[in-house]
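Some notes on the structure that comes next.
The values are calculated or read from the model by the stated rules, or taken from the named source; none is laboratory data. All figures in this text were calculated on a predicted structure; none of them were measured in a lab. Heads up, the Cβs are rebuilt from the backbone with ideal geometry, glycines too, and the neighbour counts pull from every protein chain shown. Accessible surface areas use protein heavy atoms only, side chains included; no ligands, DNA or RNA. Shrake-Rupley method; radii C 1.70, N 1.55, O 1.52, S 1.80 Å.
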Amino acid sequence: MNYIDEAMKIAVYEIIEDDHSYWGEIPNFQGVWANHETLEGCRSELKEALSDWIALRLKLGLEIPIINGINLNEINQPLISV
C-alpha cells in the first residue's frame, strides 16, 4: 500500500464553471489542492502538492492523517536508545 495512492483515492474534484477548469482537494489535508484546465492535469498537480505537503510536515514534525492504516507519523518518531 502506498500512502500517496491511498490519499489520492479520497480526493474530490469539481469543474469551475467560470473557466471550465478542474479543482481538486483531499479532505482533511488542509492546504492540499490543485487547479488545472484538465482533470488529469489537476490530478497530477494534486499528487505533487500532496507529496510536498507530506515532506514539509515530516520535516516540521507535524501530524499527518492516517490513511487506511498507513501511519507516516511513526517514521518521524525519534529513536530511543537504552
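Things worth noting here:
- Degrees between helix 39-60 axis and first principal axis of the chain (Cα, 0 to 90, nearest 10): 30 degrees
- Largest accessible area first, the listed residues Leu72, Leu50, Leu39 line up as Leu39, Leu72, Leu50 when surface is computed with a 1.4 Å probe on the assembled protein chains.
- Remark on Ile64: its backbone amide H falls under 5 Å from those of Asn73, a criterion applied only to residues 5 or more positions apart or on other chains, H modelled at 1.01 Å from N.
- Whole-percent pair-distance distribution, where bins are 10 Å wide, for the alpha carbons of the chain: 18, 45, 24, 10, 3, 1, 0
- Normalised convex hull volume, segment 18-66, alpha-carbon set, Å³ per residue: 73 Å³
- Modelled spin-label separation between Asp52 and Ile75, with each label point placed 7 Å from Cα along the Cα-to-Cβ direction: 2.0 nm.
- Residues in segment 25-43 reached by a label modelled at Ile4 [backbone nitrogen below 16 Å; 7 Å Cα→Cβ]: 26, 32-34, 41-43
- Placing dummy labels 7 Å off each Cα toward the beta-carbon, the span from Ser44 to His20 is 2.0 nm.
- Relative contact order, percent, the chain [alpha-carbon distance under 8 Å, six or more residues apart]: 21 percent
- Amide H contacts of Val32 (H built 1.01 Å from N, under 5 Å, at least 5 apart or other chain): Ile26
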